Amino acid sequence: MDNWGYADHNGPKVWHELFPLANGERQSPIDIVTKAAIYDPSLPPINVDYDPSSVKLIMNSGHTFTVEFDDGEDKSVIRGGPLHGSYRLQQFHFHWGPCDDYGAEHKVDGRDYPAELHIVHWNAEKFSSFVEAAQNPDGLAVLGIFLKVRNLIRIHLLSICLIFLLYQDGKQSSFTNFDPSCLLPDCKEFWTYPGSLTIPPLLESVIWILLKEPIAVSSRQVWTSMQTFHSSCVLRGKFINPLCLFLPLKSCNTPVLLFL
Ligand SMILES: NS(=O)(=O)/N=C1/NCCS1
Ligand SMILES: [Zn+2]
């Protein structure tokens, strides 16, 4: 089943048929039961240090769109929290659903969020490549951020927009000067646990760091920008780099994103 997906015939319920790790000991995603979480005062704060010039391209992977970074040196790294040393930024991507009621991968006390951002890093202090790091229990660190909407229609619009982009399967576009730390909430309190990739091959090599505070998608802005985005795509008929359309605007202490 190379064409794994999220349908009944190739979705998570049958991934174990070709990816036995699906029945492993530290599989992600999980439901964060907040009352069962244990506060560890010895953990330092999370510290991200991203160089905007390290962004390379945005591509449609067929399951999401991924923004990739130059990870040939320690230009953009994350440190702190449960991590020993620095982990190098490799890419970020989103997960969303067919409607605004669910779509994120992790849950919090059984609650679904409409979408989830994953910022992926690998342990370049111990390993020589992402691929090698991904084979080891402390190889990857993924920073997970939940997305919420001020009113539910908005993530649905995001899905519509991104489905449009996903029809451009395999397409990619160059991209310059983007600092993903603008996508983070001001509050960096987190939950952490040892888990896995949430998509095949489901490798159990991820130290998950999930921020407690979700980021907000503005409603008024999205509606306006959706019209602009739709007309520009229809007029040009070519792959539009969606990240050049994110305009993080700080407001009420939460980065407000313009999803188009
Ligand atoms: N969703 S995820 O971040 O756990 N999965 C990934 N697969 C390849 C790089 S990150
Ligand atoms: Zn992911």
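The values are calculated or read from the model by the stated rules, or taken from the named source; none is laboratory data. What you see is a predicted model; the values in this text were computed from it and never measured. For neighbour counting, all protein chains shown are included, and Cβ atoms are generated from backbone atoms with ideal geometry for every residue, glycine included.
So, in the range 54-72, of the ones that are more than 16 Å from the chain's Cα centre (by Cα) and at pLDDT 95 or above, which residue ends up farthest from E125 (Cα to Cα)?
Restricting attention to the range 54-72, the residues satisfying the condition of being more than 16 Å from the chain's Cα centre (by Cα) are 54, 56, 70-72.
In the following step, the residues that additionally are at pLDDT 95 or above were identified as 54, 70-72.
Values: S54: 18, D70: 16, D71: 12, G72: 12 Å.
In this case the residue turns out to be S54.
Search the range 50-76 for residues being small (G, A, S) and within 20 Å of L184 (Cβ to Cβ), and hand back the single one that is farthest from ligand 1 (Cβ to nearest atom).
Step one: list which residues in the range 50-76 are small (G, A, S), which gives 53-54, 61-62, 72, 76.
Filter once more, keeping what is within 20 Å of L184 (Cβ to Cβ): 53-54, 76.
On the way: S53: 22, S54: 17, S76: 16 Å.
By that ranking, first place goes to S53.
Given the criteria at pLDDT below 95 and not hydroxyl-bearing (S, T, Y), does K75 qualify? Let's see the steps before the verdict.
Details: at pLDDT below 95: no; not hydroxyl-bearing (S, T, Y): yes.
For K75, the condition - at pLDDT below 95 and not hydroxyl-bearing (S, T, Y) - is not met.
Of the residues V108, V67, V33, which is touching a Ser or Thr at 6+ places or on another chain (Cβ under 8 Å) and of a type in the set (A, V, I, L, M)? Reasoning before the result, please.
Values: V67 fails: touching a Ser or Thr at 6+ places or on another chain (Cβ under 8 Å); V33 fails: touching a Ser or Thr at 6+ places or on another chain (Cβ under 8 Å).
Matching residue, one of V108, V67, V33: V108.
Of all residues in the range 94-140, which are under 13 Å from I207 (Cβ atoms), out of contact with any helix residue (DSSP H, G or I) (no Cβ under 8 Å at 6 or more places or on another chain) and away from ligand 1 (no atom under 13 Å from the Cβ)?
N136, P137, D138
Return the residues of the range 91-120 that are β-branched (V, I, T) and closer than 28 Å to Q172 by Cβ; say none if nothing qualifies.
Hits for the range 91-120 are I119, V120.
How many of the residues in the range 73-99 are within 16 Å of ligand 2 (Cβ to nearest atom) and either among the hydroxyl-bearing types (S, T, Y) or not in a strand (DSSP E or B) (or both)?
2
For the range 101-137, which residues satisfy the criterion of being within 16 Å of ligand 2 (Cβ to nearest atom) and part of a loop (DSSP other than H, G, I, E, B)?
Scanning the range 101-137 gives G103, A104, E105, H106, D112, Y113, P114, A134.
Against the definition (more than 20 Å from P214 (Cα to Cα), of a type in the set (A, V, I, L, M, F, W, C) and either within 16 Å of ligand 1 (Cβ to nearest atom) or touching a Cys at 6+ places or on another chain (Cβ under 6 Å) (or both)), how does L43 come out, yes or no?
Spelling it out, it is not the case that L43 is more than 20 Å from P214 (Cα to Cα), of a type in the set (A, V, I, L, M, F, W, C) and either within 16 Å of ligand 1 (Cβ to nearest atom) or touching a Cys at 6+ places or on another chain (Cβ under 6 Å) (or both).
Testing A22 on (1) under 16 Å from T198 (Cβ atoms); (2) touching a helix residue (DSSP H, G or I) at 6+ places or on another chain (Cβ under 9 Å); (3) free of Cβ contacts under 8 Å to residues at least 60 places away in the same chain; (4) surrounded by 13 or more Cβ atoms within 10 Å (Cβ to Cβ), one condition comes back false. Which one is that?
Only one criterion is unmet by A22, namely (3).
Considering only residues of the range 77-92 that are closer than 14 Å to K56 by Cβ and free of Cβ contacts under 8 Å to residues at least 60 places away in the same chain, which is farthest from ligand 1 (Cβ to nearest atom)?
Only one residue fits best here, namely R88.
Please determine whether any residue of the range 82-94 is within 17 Å of F190 (Cα to Cα), surrounded by fewer than 16 Cβ atoms within 10 Å (Cβ to Cβ) and out of contact with any Lys or Arg (no Cβ under 7 Å at 6 or more places or on another chain).
The answer is yes; a qualifying residue exists.
For the range 15-70, which positions are of a type in the set (S, T, N, Q) and over 23 Å from R111 (Cα atoms)?
Within the range 15-70, N23, S42, N47, S53, S54, N60, S61, T66 qualify.
For the range 53-70, check the following and say yes or no: at least one residue is part of a strand (DSSP E or B), within 16 Å of ligand 2 (Cβ to nearest atom) and either of a type in the set (K, R) or surrounded by fewer than 18 Cβ atoms within 10 Å (Cβ to Cβ) (or both). Lay out the reasoning, then the answer.
Initial filter on the range 53-70 (part of a strand (DSSP E or B)): 55-60, 65-69.
Then drop every residue that is not within 16 Å of ligand 2 (Cβ to nearest atom), which leaves 58-60, 65-69.
Now drop any that are not either of a type in the set (K, R) or surrounded by fewer than 18 Cβ atoms within 10 Å (Cβ to Cβ) (or both), which leaves none.
Among the residues of the range 53-70, not one is part of a strand (DSSP E or B), within 16 Å of ligand 2 (Cβ to nearest atom) and either of a type in the set (K, R) or surrounded by fewer than 18 Cβ atoms within 10 Å (Cβ to Cβ) (or both), which makes the answer no.
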